[in-house]
1. Condition first: more than 16 Å from the chain's Cα centre (by Cα), within 15 Å of the ligand (Cβ to nearest atom) and under 25 Å from ALA125 (Cβ atoms). Can you find one or more residues in segment 21-34 that meet it?
2. Does ALA40 count as more than 14 Å from the ligand (Cβ to nearest atom), under 19 Å from the mean Cα position of the chain (by Cα) and either at pLDDT below 95 or surrounded by fewer than 18 Cβ atoms within 10 Å (Cβ to Cβ) (or both)?
3. Could you check segment 136-169 and list, in sequence order, the residues that are aliphatic (A, V, I, L, M) and either under 22 Å from ASP208 (Cα atoms) or free of Cβ contacts under 8 Å to residues at least 24 places away in the same chain (or both)?
4. Run down THR193, THR182 and say which single residue is touching a Pro at 6+ places or on another chain (Cβ under 7 Å) and hydroxyl-bearing (Ser, Thr, Tyr).
5. Any residue at all in segment 113-121 that's of a type outside the set (Gly, Ala, Ser), within 11 Å of TYR194 (Cβ to Cβ), out of contact with any Cys (no Cβ under 9 Å at 6 or more places or on another chain) and within 12 Å of the ligand (Cβ to nearest atom)?
6. If the requirement is being crowded, with 20+ Cβ neighbours inside 10 Å and either touching a Pro at 6+ places or on another chain (Cβ under 8 Å) or more than 18 Å from GLY60 (Cα to Cα) (or both), which of these qualifies: CYS236, CYS214?
7. Within segment 43-68, count every residue that is crowded, with 17+ Cβ neighbours inside 10 Å and not aliphatic (A, V, I, L, M).
8. Residues of segment 145-157 being out of contact with any Ser or Thr (no Cβ under 9 Å at 6 or more places or on another chain) and either surrounded by fewer than 22 Cβ atoms within 10 Å (Cβ to Cβ) or in a loop (DSSP other than H, G, I, E, B) (or both), which ones?
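The values are calculated or read from the model by the stated rules, or taken from the named source; none is laboratory data. Model, not experiment: these values are computed from the prediction. We place every Cβ from the backbone using ideal geometry, glycine too, and count neighbours over all the protein chains shown.
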Amino acid sequence: MTLKILHMYPNMLDLYGDSGNMELLRYRLGKRGYDAEITAYTMGDGAKTDFESYDLIYLGGGADFEQQLLADDLLSCRDKIVNAYKSGVFMLMICGGYQLMGQYYKDSNGKKIPGLGLFDYYTVASTNKRERCIGNIVIGAELEGRKYKVIGFENHGGMTDNVKTPFGKVLFGNGNKFGSDTEGYFEKNVVATYLHGPLLSKNPKLADYIISYCLSRRQGSPVKLAPLNDKLEEECRKVMLGRLLQG
Ligand code: GLN
């Protein structure tokens, strides 16, 4: 089986190695004998893109400048992206991508960038450009009934409000806004988060949650993934969790 992935604006939304998340998916699929066909979407590709035909749509993070540049192009695909999301295509979005799927993003100059309005949340940046949530972050998430600590790095001026179903509870760091209890937005087929990292290399169980969702949906029955040797990843996680949570 080959998973079809649409990587939107890889040339514009790629902060802190966010594109590494796609390499990670390809790697973990490959180890289990599956393939990934990753298509890069760049500005102007909307008309020729069949969003619903993909298993996963991915947007990385980007600075205000890039978000502004691509906002109109993204809006022109709104209906097709809404249909893909409603049909169950998995949506993975990091930081700037997360913000653009909400109602709007008001940047530090007060300029309002319209979002796709897929979800109810909205984001407003402080007018003081120096006021940003920056640093390591750990959140407590729940994936298929199992608690999992998700580790990452955040750097955002935007403060996100009105999040109905957050991705996790903040254990270290800021999250959706300064001193927030919650981080990101979550549905069965949606992970929207401020966590760079790259997110999936630091959190292999999250990668596998996404992979098994996509494979199961495609196959029409649950797919059980063979475990991989994540010894190195787990060692790294232990060090980071020890440093951040037991200090
Ligand atoms: N430009 C947005 C902000 O500062 C998103 C930044 C990012 O993707 N890291 O809030």
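1. Scanning segment 21-34, I find no residue that is more than 16 Å from the chain's Cα centre (by Cα), within 15 Å of the ligand (Cβ to nearest atom) and under 25 Å from ALA125 (Cβ atoms), so the answer is no.
2. Yes, satisfied.
3. ILE137, VAL138, ILE139, ALA141, LEU143, VAL150, ILE151, listed by residue number.
4. Only one candidate qualifies: THR182.
5. no
6. CYS214
7. Going through segment 43-68 one residue at a time, the tally reaches 11.
8. Hits for segment 145-157 are GLY145, ARG146, LYS147, TYR148, LYS149, PHE153, ASN155.
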